[in-house]
Amino acid sequence: MSRIDLRGRRLDPRELRATLPRAAFDVEAAVETVRPICEDVRRRGLAALQELGERFDGVRVEQIRVPSQALAQALDGLDDEVRAAMEESIRRVRKVHADQRRTDVVTQVVPGGSVTERWVPVDRVGLYVPGGLAPLSSSVIMNVVPAQIAGVASLAVTSPPQREYAGRPHPTILAACALLGVQEVYAVGGAQAIAMFAYGVRSDDVRSDDGGWLCEPADLVTGPGNIYVAAAKRLLKGVIGIDAEAGTTEIAILADDSANPAHVAADLISQAEHDPNAASVLVTDSTALAASVERELERQVSATKHTQRVATALAGRQSGIVLVDSLDAGQEVVDAYAAEHLELHTVDARARAMRIRNAGAVFVGTFAPVSLGDYLAGSNHVLPTGGCACHSSGLSVQSFLRGIHVVEYDEPALREVAHHVVAFAEAEDLPAHGQAVTARLHQRN
């Protein structure tokens, strides 16, 4: 891993963001690549999905919706230990996300005037589950559980078709869907999957306006994916709601000389394992720890399964060791970086975690690694990447809810505030706004 020495330098957050390692993630450039793909799905529907699947996934899928029997078979064939792990993950994620439920609130603004805020789930959601280098069955849980708790009535999951599984998504992904009671599952990946949810696909002649739906359009699409999935989300935002433009995974670790270098190295490797473009960043005020972590990386990388993938990620421009003068300076660095995952390996980890402002999720101490959050902490692992944690949150029950204000005023309450409405309307040169109020009051005189 490369080193960046910030000792003796005082940079503001903007300068820090420009200095820190970060993966190149040009979504705007990718938009032009996915534009014709999405347009093809809009125009030709099922035929386009089949051809695009053959082109990008190497398999032509005649039946893009996975049969219910295949879901049941995948669950029946699931390894007992994996099933137990999934069931425990579901239990913990449900427990955490159940506390995120919103309740309707009535605010009495004045006598006779109130505003009720209702929380209403979106009607239909399309959930994307990656299936490239790693079949992320855990992402099924992280997407489906909060949507179910929010009360979403119609859920559909899609994941790329796999040649080795007869053009269906990976069996563990199908098993997770079955375990959660999701019966609408599609073997479609990439930008074309986002387009499928945005425009829908008819089951008969795709040019017909009166045929039935093979896949109905969704109101919202969530879930992580590659740069082309993110680009399709950006392109189609407005046609469909999105959660975020998630990029490649990243971890930042803030550590002092109390940290265990073997644990720090293992956690850096765990995120690098995802993708050659994954980012692993260590921020420390201890040169001794930095050297120890480097030695541990040499030892552990050669022993891990995906050695080449990990080595490429750790050596990339997106990864590195950042040296700082103090932990407070390090905290400024990680707040500027706004990591998807932030681990704190410091003597004051809990107190410092409560002062962190920018992170998708914070993991406190040596016994709360990111891997725990990926599967079984109960937290959600669909998190903002690429510095977006400074303005965005991870997936939650709230992601699937809409707030609707219900306004109720009686005549005295309207009369009491009418002159203020008229003042605003005149100031904005919208006199009819004021007249819409005064017309009601004049009629009563």
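Each reported figure results from applying straightforward, stated rules to the coordinates on display, with no laboratory input. Values in this document were obtained by computation on a predicted structure and should not be read as measured data. Backbone-built Cβ (ideal geometry, glycine too); neighbour counts: all protein chains shown.
Quick check: residue separation of ALA84 and ALA315 times 0.36 nm, minus the Cα distance between them. What number comes out in nm? All intermediate terms of the calculation are to be shown ahead of the outcome.
Values: separation 231, 0.36 × 231 = 83.16 nm, distance 3.65 nm.
Answer, rounded to one decimal: 79.5 nm.
Phi-derived couplings, Karplus 6.51 cos²θ - 1.76 cosθ + 1.60 at θ = phi - 60°, listed residue by residue for the range 254-266: 9, 9, 10, 6, 7, 6, 8, x, 5, 5, 4, 4, 4 Hz, with x used for Gly and Pro. Shape analysis of the chain places it in the oblate category; the axes a ≥ b ≥ c from the Cα gyration tensor give an a/c of at least 1.5, with a/b not above b/c. Exposure proxy for CYS390, CYS177: other Cβ atoms within 10 Å of each Cβ, ordered fewest to most, give CYS390, CYS177.
Among VAL421, GLY320, SER68, flag the residue with its Cα farthest along the positive direction of the charge dipole of the chain, charges on Cβ as +1 for Lys/Arg and -1 for Asp/Glu. About the Cα centre, the residue reaching furthest to the positive side is SER68. Amide H to amide H, with H built 1.01 Å from N, ARG124 comes under 5 Å of ASP219, LEU220, counting only residues 5 or more places away or on other chains.
What are the aspartates and glutamates whose alpha-carbon lies under 15 Å from the alpha-carbon of LYS305, with same-chain residues fewer than 8 places away excluded? Within the straight-line limit of under 15 Å, LYS305 reaches these aspartates and glutamates: ASP267, GLU273, ASP275. Using only side-chain charges placed at the Cβ, +1 for Lys and Arg and -1 for Asp and Glu, the dipole size of the chain relative to its Cα centre rounds to 120 debye.
For ARG9, project a label point 7 Å along Cα to C-beta. Then give me every residue of the range 307-341 with its amide nitrogen under 12 Å of that point. Residues passing the 12 Å test: 322-325. In terms of other Cβ atoms within 10 Å, ILE253, ILE356 run from fewest to most in the order ILE356, ILE253.
Please work out whether the range 236-363 counts as rounded, prolate or oblate from its C-alpha gyration tensor, where a ≥ b ≥ c are the square roots of the eigenvalues and a/c under 1.5 means rounded, while otherwise a/b larger than b/c means prolate and anything else oblate?
Judged from the Cα gyration tensor, the range 236-363 comes out oblate (a/c at least 1.5, b/c at or above a/b).
Placing unit charges on each Cβ (+1 for Lys and Arg, -1 for Asp and Glu) gives the range 150-238 a dipole about its Cα centre, and among MET196, GLY181, ASN226 the Cα reaching farthest toward its positive end belongs to ASN226.
For the range 186-199, putting each phi into the Karplus relation 6.51 cos²θ - 1.76 cosθ + 1.60 with θ = phi - 60° gives couplings of 10, 9, 9, x, x, 4, 5, 5, 5, 5, 4, 6, 6, 9 Hz, in residue order, rounded to whole numbers and with x for Gly and Pro.
Distances between placed amide hydrogens fall under 5 Å for ALA246 paired with GLY225, all partners being 5 or more residues away or on another chain. Using θ = phi - 60° in the Karplus curve 6.51 cos²θ - 1.76 cosθ + 1.60, the 3J(HN,Hα) couplings for the range 358-366 round to 10, 6, x, 8, 10, 10, 9, x, 6 Hz; x is entered for Gly and Pro.
Potential lengthening of the chain between ALA291 and ARG35 amounts to 87.5 nm, from the contour at 0.36 nm per residue minus the alpha-carbon distance. For the range 368-445, report the % of Cα-Cα distances exceeding 21 Å. When all Cα pairs of the range 368-445 are counted, 59 percent exceed 21 Å. So which residue, out of THR222, THR385, THR103, gets the largest mean-square fluctuation from a GNM of the chain using Cα contacts under 10 Å as springs? Maximum among the listed residues: THR103. For ARG168, the amide hydrogen comes within under 5 Å of the amide hydrogens of GLN162, counting only partners 5 or more places away or on other chains and with H modelled in the peptide plane.
Subtract the Cα-Cα distance of GLU164 and ALA18 from 0.36 nm times their separation in residues, and report this length gain in nm to one decimal. Write down the numbers at each step before the final one.
On the way: separation 146, 0.36 × 146 = 52.56 nm, distance 4.27 nm.
The GLU164-ALA18 span can extend by a further 48.3 nm.
Taking label points 7 Å from Cα along the Cα-to-Cβ direction, ALA427 and ARG402 give a separation of 3.0 nm. Largest GNM mean-square fluctuation among GLY386, GLY45, GLY112, using the chain with Cα springs under 10 Å: GLY112. Here MET354, MET196, MET142, MET86 are placed in order of increasing Cβ neighbour count within 10 Å, fewest first, which gives MET354, MET86, MET142, MET196.
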